[in-house]
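J.: Below is the structure I would like to discuss, written out as structure tokens.
The values are calculated or read from the model by the stated rules, or taken from the named source; none is laboratory data. Computed from a predicted model, the values in this text were never measured in an experiment. No Cβ is skipped: glycine too gets one built from the backbone with ideal geometry, and neighbour counts run over all protein chains shown. We work out accessible area using only protein heavy atoms, side chains counted, and drop any ligands, DNA or RNA first. Shrake-Rupley method; radii C 1.70, N 1.55, O 1.52, S 1.80 Å.
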Amino acid sequence: MFNFIIYEDDKAMKNIYVDIIHKFMGNKNSNYNLYYFSRYSEEMEDKIFNKICGKKIYLLDVEVPGMSGFELAKEIRDSGDWFNQIIIITGYDRYSYLGVTSRILMLDFISKANIETELVRSLNIAINILNMHASLSFKQNSEIIQVLYSDICYIEKNLNDNSATIFTKNNKYTIRCSINNLMKILGDDPRFFKCHRSCIVNLNNIKVFDIDKNIIKFKNGETNLVARDKKRELKDRLMNKVKL
């Protein structure tokens, strides 16, 4: 789930951001939420730090009453969040803020005069970064395991119980979760595809898809089957996928 957090006191500009995000996300196989704040408040801080879960992309206007976009960006990083992406937006081309931006690990600095083109470019980069570092967290025995999405080759249902095995490039793990629930977790990410009722594959880690035999070969050397009714969709997804 992607969360777009807009911090902007100009309602007309806010509506422009919202329209751009809706058009941009309409081309993605991802769920998303939009949150809008026109000024700083403790309620706002509590919501963005404690109540909004999932990947976050911040669109922060420089000049907002009570706390500037730069100040809010510093609060975000001071909270320990160095993962989610920050885009600073200003109506003044003369601002550079190079010293400040390096300390808040800002993704981009956009002028409102060029918002239509520059914001789309920045959103695309932000989503690719967030997807690249996404991971699946679960408990195995007494340990908390985190497996990067990029390392997963496929996940297969285990026989006789409600668990599955995650096959990565160089390891495998058992997770106490059904394939259907795992697909609900992973389904927002365009890399993952359910090739039959008991298996989820990572499109980026497919080495060969033998269309005639309905067999997938993964980068870890293992193979799996594709349901006949999924064959055409898998072919189309592989032909048109975006590398993450």
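J.: Given the conditions (1) part of a loop (DSSP other than H, G, I, E, B); (2) open to solvent by 20 Å² or more (accessible area, probe 1.4 Å), report the number of the one that residue 185 does not fulfil.
T.: Result: residue 185 passes all but (1).
J.: Related question: Report whether or not residue 49 is aromatic (Phe, Trp, Tyr), touching a residue at least 12 places away in the same chain (Cβ under 8 Å) and surrounded by fewer than 16 Cβ atoms within 10 Å (Cβ to Cβ).
T.: So residue 49 passes the test.
J.: In region 3-46, which residues are open to solvent by less than 30 Å² (accessible area, probe 1.4 Å), under 18 Å from residue 190 (Cβ atoms) and modelled with pLDDT under 95?
T.: Of everything in region 3-46, those that are open to solvent by less than 30 Å² (accessible area, probe 1.4 Å), under 18 Å from residue 190 (Cβ atoms) and modelled with pLDDT under 95 turn out to be 3, 24, 25, 30.
J.: Sticking with this one: For residues that are small (Gly, Ala, Ser) and at pLDDT 90 or above, scanning just region 156-207, find the one that is farthest from residue 127 (Cα to Cα).
T.: For region 156-207, the residue satisfying everything is 163.
J.: Quick check: is even one residue across region 190-206 of a type in the set (Ser, Thr, Tyr), touching a Lys or Arg at 6+ places or on another chain (Cβ under 9 Å) and part of a strand (DSSP E or B)?
T.: No, every residue in region 190-206 fails to be of a type in the set (Ser, Thr, Tyr), touching a Lys or Arg at 6+ places or on another chain (Cβ under 9 Å) and part of a strand (DSSP E or B).
J.: Take the residues of region 129-145 that are modelled with pLDDT of 85 or more and more than 15 Å from residue 182 (Cβ to Cβ): which is most open to solvent (accessible area, probe 1.4 Å)?
T.: Applying the filter and picking the extreme gives 129.
J.: State which residue is modelled with the lowest pLDDT when the search covers only region 208-244 and only residues that are in contact with a helix residue (DSSP H, G or I) (Cβ under 7 Å, 6 or more places away or on another chain) and either in a strand (DSSP E or B) or closer than 25 Å to residue 124 by Cβ (or both).
T.: The selected residue is 244.
J.: Among the residues of region 146-160 satisfying the criterion of being farther than 14 Å from residue 176 by Cα and of a type in the set (A, V, I, L, M, F, W, C), which is nearest to the chain's Cα centre (by Cα)?
T.: Among them, the one singled out is 148.
J.: Would you mind stating whether residue 163 is within 23 Å of the chain's Cα centre (by Cα) and either open to solvent by 30 Å² or more (accessible area, probe 1.4 Å) or farther than 14 Å from residue 226 by Cβ (or both)?
T.: So residue 163 does not fit the description; no.
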